[in-house]
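> My questions all concern the structure below.
The values are calculated or read from the model by the stated rules, or taken from the named source; none is laboratory data. Computed from a predicted model, the values in this text were never measured in an experiment. Ideal geometry is used to build each Cβ from the backbone, glycine not excepted, and the neighbour counts take in all protein chains shown. Surface accessibility is based on the protein's heavy atoms, side chains included, excluding ligands, DNA and RNA. Shrake-Rupley method; radii C 1.70, N 1.55, O 1.52, S 1.80 Å.
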Amino acid sequence: MDSKQEIFMKKALKEAEKARDIDEVPIGAVIVQNDRVLARAYNKRNRGKIATHHAEILAIEKACKKIGDWRLEDCEIYVTLEPCPMCAGAIANARIKKLVFGAFDTAGTNKNLLRDILNDTRLNHKVEIVGGVLEEQCKSLLTTFFKAKRRQ
């Protein structure tokens, strides 16, 4: 496994911990440009009561504002959980070149949905996908959170 990927995934995990600390589903995202963090975010959907406040969407918004463009062509996004269809669409629309995620989303029924969305022939942009980076740490954070929720 690429040590650079692990370094940035650890930063995404720190974001996920921030979400957990405010009782949000612990998912974090970091956008990297030229090996430097451009933007970071974590889930705020429950707190903001806004369906689109996923870590990936919030990080994309911050990165776009920071560089002054909606195109993030030379960027990579690191996310602690395999993105949902909405976030995958946002990643493709922002033209992010590479997605690196930690835990696989086992709740979904279509195991190839992410690849289907990000590599659809109707899109004029393809996203490189790497999954399973620090998978156990990412999965453990989510599992622990939901076990605690069920006990409540």
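> Give the residue, chosen from Glu82, Glu61, Glu15, that is closer than 27 Å to Asp120 by Cα and either exposed (fewer than 14 other Cβ atoms within 10 Å of the Cβ) or touching a strand residue (DSSP E or B) at 6+ places or on another chain (Cβ under 7 Å) (or both). Steps first, please.
Details: Glu61 fails: either exposed (fewer than 14 other Cβ atoms within 10 Å of the Cβ) or touching a strand residue (DSSP E or B) at 6+ places or on another chain (Cβ under 7 Å) (or both); Glu15 fails: closer than 27 Å to Asp120 by Cα.
Just a single option satisfies the conditions, and that option is Glu82.
> Can you tell me which residues in region 51-74 are in contact (Cβ under 8 Å) with a residue 24 or more places away in the chain and acidic (Asp, Glu)? Quick ask: steps written out before the conclusion?
Of the residues in region 51-74, the ones in contact (Cβ under 8 Å) with a residue 24 or more places away in the chain are 52, 54-60, 62-64, 66-67, 70-74.
Scanning region 51-74 gives Glu56, Glu73, Asp74.
> Kindly check whether there is at least one residue in region 8-20 that is in a strand (DSSP E or B) and in contact with a Cys (Cβ under 7 Å, 6 or more places away or on another chain).
Within region 8-20, the first condition is being in a strand (DSSP E or B), and the residues that meet it are none.
No: zero hits.
> Let me ask something else about it. What is the number of the single condition among (1) assigned to a helix (DSSP H, G or I); (2) open to solvent by 10 Å² or more (accessible area, probe 1.4 Å); (3) modelled with pLDDT of 95 or more that Asp69 does not meet?
So the condition that Asp69 fails would be (1).
> While we're looking at this one, here's another question. If you go through region 113-126 one residue at a time, do you hit one that is closer than 23 Å to Val37 by Cα and not in a loop (DSSP other than H, G, I, E, B)? Break it down stepwise before answering.
First pass over region 113-126, keeping only residues closer than 23 Å to Val37 by Cα: 118, 125-126.
With the extra rule that they be not in a loop (DSSP other than H, G, I, E, B), the set shrinks to 118.
Yes: one or more hits.
> From the set of residues in region 96-112 that are modelled with pLDDT of 95 or more and in a loop (DSSP other than H, G, I, E, B), which is nearest to Ile27 (Cα to Cα)?
Ile96
> Given (1) small (Gly, Ala, Ser); (2) open to solvent by less than 40 Å² (accessible area, probe 1.4 Å); (3) within 26 Å of Leu113 (Cα to Cα), identify the lone condition not met by Ala51.
Condition (2) is where Ala51 drops out.
> Within region 2-25, how many residues are in contact with a Lys or Arg (Cβ under 9 Å, 6 or more places away or on another chain) and either free of Cβ contacts under 8 Å to residues at least 12 places away in the same chain or of a type in the set (Gly, Ala, Ser) (or both)?
The total comes to 2.
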